[in-house]
2 protein chains.
Amino acid sequence: MDVFEAVAEPNRRHLLGLLAERDRTAGELVDSLPTLTQPAVSRHLRVLREVGLVEVHPDGQRRIYALKPDGLQQIDTWITPYRRYWRNHLDALEQHLEDR
Amino acid sequence: MDVFEAVAEPNRRHLLGLLAERDRTAGELVDSLPTLTQPAVSRHLRVLREVGLVEVHPDGQRRIYALKPDGLQQIDTWITPYRRYWRNHLDALEQHLEDR
DNA sequence: CACCTATATACACTTGCGCTTATATACGCC
DNA sequence: GGCGTATATAAGCGCAAGTGTATATAGGTG
């Protein structure tokens, strides 16, 4: 599983979003996805760990998850060449609006 | 299938890359992925069409595929808040290097 | 019209993902 | 040590993704 696949899953994006705000325990993250069971969330966290998007620090019996978003650079780097395309499109739209 | 899943597949990223250079016929794209059969590539192109990342223009019996990367903005928008994190990390690294 | 080329679809198969239930592990507290 | 809480792993299942072979569609050419 690579970073692209990891991020393709909506629940995992949700988890990353929460961790972007602040560190959270596994329990908090489980509570944040009421439609999923605890093991399901645990598996998503494992995937995020394995691709290096989060890290864990044990704190007693809790596990504190933290964002480690460096891996997202890979996606950012990939998307970069395409950015100019929709910038051009946007320019064309702005041009059109200006012309009126 | 959404944009994130569409882009999670390496062969589809490969196709997008080629289309970023220039428009191509379906046949050219099939030739660009020698490990896949023609129908397999055709299905990937269908997926990219359905999520709006490419568009097709018939030209006789050929079909000319063109990039329509606006949908990638969705990914770009999503990734934006995370960018500051690895920027900070980078800053920290630079700081460390400067300190030495 | 008959035949060829270019591309898409149908069908069947395999594999891996995401899920749930059940269980293990590990720490905290009495 | 015994029990409760927090988290991870195991086993099993359904389903959708990706693929190949075979076939359909449609346009080009003689």
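Quick note: the coordinates plus some simple rules give every number you see, no bench work behind them. Bear in mind that the values here come from a model prediction, so they are computed numbers and not experimental data. Note that we place each Cβ from the backbone using ideal geometry, even for glycine, and neighbour counts take in every protein chain shown.
B:L53 - would you say it is touching a Pro at 6+ places or on another chain (Cβ under 7 Å) and not aromatic (F, W, Y)?
Values: touching a Pro at 6+ places or on another chain (Cβ under 7 Å): yes; not aromatic (F, W, Y): yes.
So B:L53 passes the test.
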So B:A6, is it of a type in the set (A, V, I, L, M), closer than 29 Å to A:P10 by Cβ, within 10 Å of DNA strand D (Cβ to nearest atom) and touching a residue at least 24 places away in the same chain (Cβ under 8 Å): yes
Residue that is farthest from A:M1 (Cα to Cα) [pool: residues in the stretch B:17-53 that are aliphatic (A, V, I, L, M) and touching a strand residue (DSSP E or B) at 6+ places or on another chain (Cβ under 7 Å)]: B:A26
